[in-house]
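Engineer: Can you keep this structure in mind? I'll have questions shortly.
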Amino acid sequence: MNQPCHSVPHSASPAVSPLPQVSALTAAREAASSSALRSCTACGMHQLCLPMGLDESDMKRLDKIIGRRKVARDDFLYRIGDRFTALYAVRVGHFKTYQENLDGDRQITGFQMPGELLGMDAISTETHQCDAVALQDSEVCEIPFARLEQLFGQIPHLLRHFHRIMSHEITTEQNVIMLLGNMRAEQRFAAFLVNLSSRYAARGYSSTRFQLRMTRQDVGNYLGLTIESISRLISKFRKQGLLAVEQRDVEVIDLAELKRLAAGAEACAPPPIRATV
C-alpha cells in the first residue's frame, strides 16, 4: 500500500528590501548642480571666450542659448560644405582645422584650444569652409548663431566683444601668411612654439612646459615644412639649449632666446665648454 506523499515545506526566503529610490527632487538638484558646473559663469575659460566682460545676468542670458557637445578624438566637429548653424567654443580639448583641394591634399589652417571659437569663417557663406577635427576627446559649447544675433541687439557689449574676436581672427590670418611667406624654417618653428607658449600662459598653464597635441606631421603641414625638417629643427633647438623634448612633451628652456629667434634674430651659439685642468 502506497504511503501518502507529504510535501516538505521549503524554508521561507528572506524578504528582499527594495533598492533605495532617488527622489525626483534629488535628481533635479543633481541635474541643476551639473548644469551649473557646465555653465559659462563656472567655466574657467569665460574670460577668454565669448562671455568676456559680461556681467552675471547677461552671462546667464547667453548661457541659456548654449548647448554642450562632446567630440571624440579624430571625430569631426563639422565638415567642409556643412550648413552653418552655430559657432563652437572649445571648452575642453584641442582641435585642428584644415582645407582640402581637388587632389585631396590637405592644408592645416589652425590649431584651436580651450576658450577659442570655431566656425566664424562660415558666417558669410552659411557653409563651413574647412573640416574641424578633435585632436583628443573634447567638448565644445554650441552657440546657435541665429539666437546669438538676437542677443547682440539686447547686449551691446557682447556684440563689441564679438567684433574684437573677429578682428583677432583677421590678424591671426595675416600672421600666418607672413609666417609662411617670409620666415626662414627656424623662425617659423620658433614663432609656432612662442605662440603656443603665450596661449597656454593666457589660460593659466605653464608657458614653458606643455604638450604638443598635434603630430609633427601636422606641425610641418601647418608651417609649410616636411616632417623631416621639423625633426631636424627639434634636434637643432635641443643642441642650442632652447628646448627639451620627450615625445610630445616640450620644455622651453630659453624662452627669451626663442622669442628673439621668432623675431628674426640669429640664434646665439651655446657657450663653449671649458676644459678643466
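The values are calculated or read from the model by the stated rules, or taken from the named source; none is laboratory data. All figures in this text were calculated on a predicted structure; none of them were measured in a lab. We place every Cβ from the backbone using ideal geometry, glycine too, and count neighbours over all the protein chains shown. Just the protein is used for accessible areas: all its heavy atoms, side chains included, with ligands, DNA and RNA removed. Shrake-Rupley method; radii C 1.70, N 1.55, O 1.52, S 1.80 Å.
Engineer: Pull out all pairs, ordered by first then second residue, where Cβ-Cβ is under 6 Å, the residues are six or more apart or on different chains, the first lies in the stretch 248-277 and is under 15 Å from L233 (Cα atoms) and outside any loop (DSSP other than H, G, I, E, B), and the second is among the aromatic types (F, W, Y) and at pLDDT 95 or above.
Structural biologist: Filtered contacts from the stretch 248-277: V250/F210.
Engineer: Also: For the stretch 129-178, how many residues meet the condition of being open to solvent by less than 50 Å² (accessible area, probe 1.4 Å), part of a helix (DSSP H, G or I) and within 18 Å of Q99 (Cα to Cα)?
Structural biologist: The number of residues fulfilling the criteria is 1.
Engineer: In addition: Being without any contact (Cβ under 8 Å) to a residue 60 or more places away in the chain, farther than 18 Å from E116 by Cα and open to solvent by less than 30 Å² (accessible area, probe 1.4 Å) is the filter here; which residues of the stretch 184-200 pass it?
Structural biologist: Passing the criteria: only F189.
Engineer: Can you confirm whether the stretch 209-217 contains a residue that is within 16 Å of the chain's Cα centre (by Cα), within 19 Å of Q174 (Cα to Cα) and open to solvent by 20 Å² or more (accessible area, probe 1.4 Å)?
Structural biologist: No, every residue in the stretch 209-217 fails to be within 16 Å of the chain's Cα centre (by Cα), within 19 Å of Q174 (Cα to Cα) and open to solvent by 20 Å² or more (accessible area, probe 1.4 Å).
Engineer: Scan the stretch 219-233 for residues that are part of a helix (DSSP H, G or I) and open to solvent by 20 Å² or more (accessible area, probe 1.4 Å) and jot them down.
Structural biologist: Scanning the stretch 219-233 gives N221, Y222, I227, E228, S229, S231, R232.
Engineer: Say whether the condition of being farther than 18 Å from F95 by Cα, modelled with pLDDT under 95 and among the aromatic types (F, W, Y) is met by at least one residue in the stretch 148-171.
Structural biologist: Within the stretch 148-171, one or more residues are farther than 18 Å from F95 by Cα, modelled with pLDDT under 95 and among the aromatic types (F, W, Y).
Engineer: Residues T125, T109: which one is out of contact with any Asp or Glu (no Cβ under 8 Å at 6 or more places or on another chain), part of a loop (DSSP other than H, G, I, E, B) and either of a type outside the set (A, V, I, L, M, F, W, C) or open to solvent by less than 70 Å² (accessible area, probe 1.4 Å) (or both)?
Structural biologist: None of the other options fit; the residue is T125.
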